[in-house]
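Right, one structure below, let's go through it.
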Amino acid sequence: MNLIPKKIIKKAVEKIVARYKISAEQAEQIFLDEAVKNKKFMKNVLEFSEKRNFEKWHEYKKLMKKTKKTIYYFLRQYKHEPEEKVKEKLIELKNALEKEKKLEKTVLLHKELLSMHISSKERINSYEKFYEKIFAVTGIPKTVLDVSCGFNYFSVPFMKTKKLFYVGTEHKKEFVKEINDYFELIKNYSEIKGKGVLFDLKETDFDSRNELLYLNNEKTFDVAFLFKLIPVMEREKKGVTQNLIDVIPAEWIVLSASRESMTKKEKISFRETAAINKFIKENALYLSAKIEFENEIIFIVKRE
Ligand SMILES: C[S@@+](CC[C@H](N)C(=O)[O-])C[C@H]1O[C@@H](n2cnc3c(N)ncnc32)[C@H](O)[C@@H]1O
């Protein structure tokens, strides 16, 4: 079998990384994996690489199309770093907490954990200001409900609240266990108490609101976060967030939209913002503030 000339690999990788949020090494690996599967390409690649405009070659174009498709699905399914890496970081955190005895002294490790998830990674440079600006509108909460929190529960030290009860929801049991493990780990080192709860947006019913209220001693939460959720869920299943507002027992609701696509280097804030504006309008919510961060637009709303 022929080897693929370096100039062809280089050109392909350049094209991919200009468009997709992927490293050159990963792009090269996926391109090569796809190339070896394409017998016609491999058979003729040396001959075509001699031509100046090899990019016009039919097999090359076909291969690039297939590579981009694979990369798109690879990036869509990638949500966070492999479990072992996260576990290693949590052991580091455990050791640091035992040594330092205070949660505030481990903020750097918390940032490292937050940057292991594609969603929280995007706000890594703004976490301090992020909560300061949101709570300037809502007031500093004593209770927070973080719906479909991803890794955002690792941001509790940045909320700068003296006392806090935090509930993070997720749709998979293993995620819920990870949330609970984290709050077990930090329980002796701060005034923050937290809990993970199974909550699938596709399976809410008349009892869902009561189940969430029960967790907070039948009281509505001060603030609920719906970060990067409405546009993502609506893209996945149209109408899935239609009755969500009735299920969320919170005084303030903080929603957000990404500015850039998770997979491609393209601006999507217009499309994402439209989904949130529709949600606000359809649920007759009152928009109290809109805050723009580097990679995210925040909407703070109250029920009218
Ligand atoms: C774009 S991420 C946002 C994560 C987090 N809110 C943040 O901004 O850091 C979307 C989240 O929705 C969750 N999710 C996916 N399908 C869901 C479902 N059917 N019900 C509830 N949550 C779901 C994912 O696990 C993921 O954590």
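Taking residue 194 and the conditions (1) within 16 Å of the ligand (Cβ to nearest atom); (2) within 17 Å of residue 87 (Cβ to Cβ), which numbered condition does it fall short on, given that it satisfies the others?
Among (1) within 16 Å of the ligand (Cβ to nearest atom); (2) within 17 Å of residue 87 (Cβ to Cβ), residue 194 violates only (2).
Here's the yes/no breakdown for (1) exposed (fewer than 15 other Cβ atoms within 10 Å of the Cβ); (2) closer than 16 Å to residue 150 by Cβ; (3) away from the ligand (no atom under 16 Å from the Cβ):
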| site | (1), (2), (3) |
| --- | --- |
| 83 | yes, yes, no |
| 87 | yes, no, yes |
| 96 | no, no, yes |
| 100 | yes, no, yes |
| 103 | no, no, yes |
| 117 | no, yes, no |
| 120 | no, yes, no |
| 125 | yes, no, no |
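Return the total of residues in segment 51-78 being loosely packed, with under 13 Cβ neighbours inside 10 Å and not in a helix (DSSP H, G or I).
Selection size over segment 51-78: 3.
Specify which of the listed residues (31, 48) is farther than 14 Å from residue 263 by Cβ, in a helix (DSSP H, G or I), open to solvent by less than 40 Å² (accessible area, probe 1.4 Å) and of a type outside the set (Asp, Glu).
On the way: 48 fails: open to solvent by less than 40 Å² (accessible area, probe 1.4 Å).
Exactly one residue qualifies, and that residue is 31.
Would you mention how many residues in segment 109-131 are of a type outside the set (S, T, N, Q) and in a loop (DSSP other than H, G, I, E, B)?
So in segment 109-131, the residues of a type outside the set (S, T, N, Q) come out as 109-114, 116-118, 121-124, 127-131.
Adding the requirement that they be in a loop (DSSP other than H, G, I, E, B) leaves 116, 122-124.
Within segment 109-131, residues that are of a type outside the set (S, T, N, Q) and in a loop (DSSP other than H, G, I, E, B) number 4.
For segment 145-164, give me the residue count where each residue is among the polar types (S, T, N, Q), more than 7 Å from the ligand (Cβ to nearest atom) and assigned to a loop (DSSP other than H, G, I, E, B). Step through it out loud before you land on a result.
Kept after step one, since they are among the polar types (S, T, N, Q), are these residues of segment 145-164: 148, 152, 155, 161.
Now drop any that are not more than 7 Å from the ligand (Cβ to nearest atom), which leaves 155, 161.
Subsequent filtering for residues that are assigned to a loop (DSSP other than H, G, I, E, B) retains 161.
Looking only at that region, the number is 1.
Return the only residue of 122, 132 being in contact (Cβ under 8 Å) with a residue 12 or more places away in the chain, under 25 Å from residue 259 (Cβ atoms) and under 15 Å from the mean Cα position of the chain (by Cα). Step through it out loud before you land on a result.
Details: 132 fails: under 15 Å from the mean Cα position of the chain (by Cα).
One residue alone meets the criteria, 122.
The values are calculated or read from the model by the stated rules, or taken from the named source; none is laboratory data. Owing to the predicted nature of the structure, the values given are computational and were not obtained by experimental measurement. Heads up, the Cβs are rebuilt from the backbone with ideal geometry, glycines too, and the neighbour counts pull from every protein chain shown. With ligands, DNA and RNA removed, areas are computed over all heavy atoms of the protein, side chains included. Shrake-Rupley method; radii C 1.70, N 1.55, O 1.52, S 1.80 Å.
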